[in-house]
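Laboratory data are not the source of any read-out in this text; all were calculated from the coordinates shown. Keep in mind that this is a model prediction, so the values were computed, not measured. A quick note on method: Cβ atoms are made from the backbone with ideal geometry, for glycine too, and the neighbour counts reach across all protein chains shown.
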Amino acid sequence: MNIKNLISIIAALLCSALLNANPINSRVISKDLAVPWGMALLSEGQLLVTLRHGDLLLVDLETGKKTPVIGGPKVMARGQGGLLDVKKSPHYTKDQWLYFTYVKRVNGQGATTLARAKLSAKQLTQWQDLLVTQSRSKYSRHFGSRIAFDNSGHVFFSVGDRGVRDNAQDLSNHAGSILRLNLDGSIPNDNPFVDVDNALDAIYSFGHRNPQGLAFDPAKSQLWIIEHGPRGGDELNLIGPGLNYGWPIVSHGKEYALPLAVGEATSKQGYVDPVQVYIPSIAPSCLWLNSNNAKQGQLQFLIGALKLRHLNVLRVKEQQVVNEARYLTSLGLRIRNVISDGGNGFIIATDDGQLLNFSLNP
């Protein structure tokens, strides 16, 4: 064995050791939840969970007891669509609003929809559809959709390209976009396309394939997303108003059926480059961000991986990845969502219907 080969083997072993890590204090909270998609911690011991097929549950974090919640919307559950995210209002203790995204049937096709409601005992009340997006297509994929809030009374949510690539560059529909509304569903006056002809007022950024992770950094007032690439090319992006993120003109991915690159280039003037790209795809399902007590000005991101079946942990400083680790690889589970448990740990939802509580190695 020559020196070059030996160095390559050692480098590969070191990379594996650095990327793969083990959680501590992990435990199963509950099982048999079908596909849990969104989670909102309502109190120290109570979790609201959306199931993609349309049901909602209250889960006791100590006992794992599941209590059905009635009053939800009529959901079009097909393919990747159904009842999706849930988030508490940033003023939840005062206004009690819960925000949801789900797929609404419109003329036989599904449209990603932002809504809100209040929870009274075991029932949702005052349900309001805030925006039924113009994103319908014949396909049952790429609906998005996660929710995030900023510091200024706005709600963001994501919509995928709905399986029609050109949608993401077409401002006359909502597909392939990050949308921004006021908390009551009205359009902010300073949205970037409010005064642009043939562009929808709710669009904040565009050129996205299928963003299933949104997180807002309140310290720097920055919105981050993570989105699915095709075969390779998942992207972590820092979002700015009115910016074009390239899909499908710019991509790091390849066609599924052929060994051909998607798009014209991996980088091109006029389109925003991603902060991180995953090749091969990890299939990112969610994004959690921590800027509190960050080491040396670093942001910590937690990213669920569906295809590679792990929890990805990134540290980013000044839009550069400085560290990466992968947790839960030994479980072999598709990670659908991750949120804080309100303390020093996290709650994970998996596609096989489990809720897990765990903490990371310091």
Could you list, in sequence order, all residues of region 62-116 that are touching a residue at least 60 places away in the same chain (Cβ under 8 Å) and aliphatic (A, V, I, L, M)? Leu84, Val86, Leu114
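Scan Arg146, Arg141 and give me the residue that is touching a residue at least 60 places away in the same chain (Cβ under 8 Å), touching a Cys at 6+ places or on another chain (Cβ under 8 Å) and within 21 Å of Pro36 (Cβ to Cβ). Spell out how you get there, then give the answer.
Working: Arg141 fails: touching a Cys at 6+ places or on another chain (Cβ under 8 Å).
Going through Arg146, Arg141 in turn, the sole match is Arg146.
The rows are residues; the columns are (1) of a type in the set (A, V, I, L, M, F, W, C); (2) closer than 30 Å to Gly342 by Cα.
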residue: Phe193; (1), (2): yes, no
residue: Val196; (1), (2): yes, no
residue: Asn210; (1), (2): no, yes
residue: Gly213; (1), (2): no, yes
residue: Leu236; (1), (2): yes, yes
residue: Val272; (1), (2): yes, no
residue: Gln276; (1), (2): no, yes
residue: Gln296; (1), (2): no, yes
residue: Phe301; (1), (2): yes, yes
Could you check Leu124 against (1) farther than 21 Å from Leu181 by Cα; (2) of a type outside the set (Asp, Glu); (3) loosely packed, with under 15 Cβ neighbours inside 10 Å and say which number it fails? (3)
Across region 245-288, what is the number of residues that are under 29 Å from Leu328 (Cα atoms) and surrounded by 22 or more Cβ atoms within 10 Å (Cβ to Cβ)? 10
Somewhere in region 304-320, is a residue of a type in the set (Gly, Ala, Ser) and under 30 Å from Leu48 (Cβ atoms)? yes
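Which strands (runs of 3 or more DSSP E) does region 79-188 wholly contain that include 3 or more residues that are among the aromatic types (Phe, Trp, Tyr)? Lay out the reasoning, then the answer.
On the way: elements: 83-88, 97-106, 109-120, 123-132, 147-149, 154-159, 177-182.
Qualifying strands (runs of 3 or more DSSP E): 97-106.
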Neighbours by Cβ (under 7 Å, 6+ apart or cross-chain): first from region 229-251, under 19 Å from Arg180 (Cβ atoms); second of a type in the set (Ser, Thr, Tyr) and in a loop (DSSP other than H, G, I, E, B): Asn237/Tyr245; Asn244/Tyr271; Tyr245/Tyr271
When you go through Leu302, Leu308 one by one, which is the residue that is part of a loop (DSSP other than H, G, I, E, B) and closer than 16 Å to Leu287 by Cβ? Leu308
With criteria (1) within 20 Å of the chain's Cα centre (by Cα); (2) at negative phi, Arg309 comes up short on (2)
Here the residues within region 33-51 that are in contact with a Gly (Cβ under 9 Å, 6 or more places away or on another chain) and in a strand (DSSP E or B) are Pro36, Trp37, Leu41, Ser43, Leu48, Val49, Thr50, Leu51
Residue check: is Val316 surrounded by 20 or more Cβ atoms within 10 Å (Cβ to Cβ), more than 19 Å from the chain's Cα centre (by Cα) and hydrophobic (A, V, I, L, M, F, W, C)? no
I'm trying to understand the selection: among the residues of region 346-362, which are among the small types (Gly, Ala, Ser) and surrounded by fewer than 18 Cβ atoms within 10 Å (Cβ to Cβ)? Gly353, Ser359
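Here is a yes/no grid of residues against (1) among the polar types (S, T, N, Q); (2) at positive phi; (3) touching a helix residue (DSSP H, G or I) at 6+ places or on another chain (Cβ under 6 Å):
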residue	(1), (2), (3)
Glu227	no, no, no
Gly232	no, yes, no
Asn244	yes, no, no
Gln269	yes, no, no
Ser285	yes, no, no
Leu289	no, no, no
Gln298	yes, no, no
Ile303	no, no, no
Subset of region 196-235 (residues that are over 12 Å from the mean Cα position of the chain (by Cα), of a type in the set (S, T, N, Q) and either crowded, with 18+ Cβ neighbours inside 10 Å or closer than 21 Å to Thr101 by Cβ (or both)): Ser205
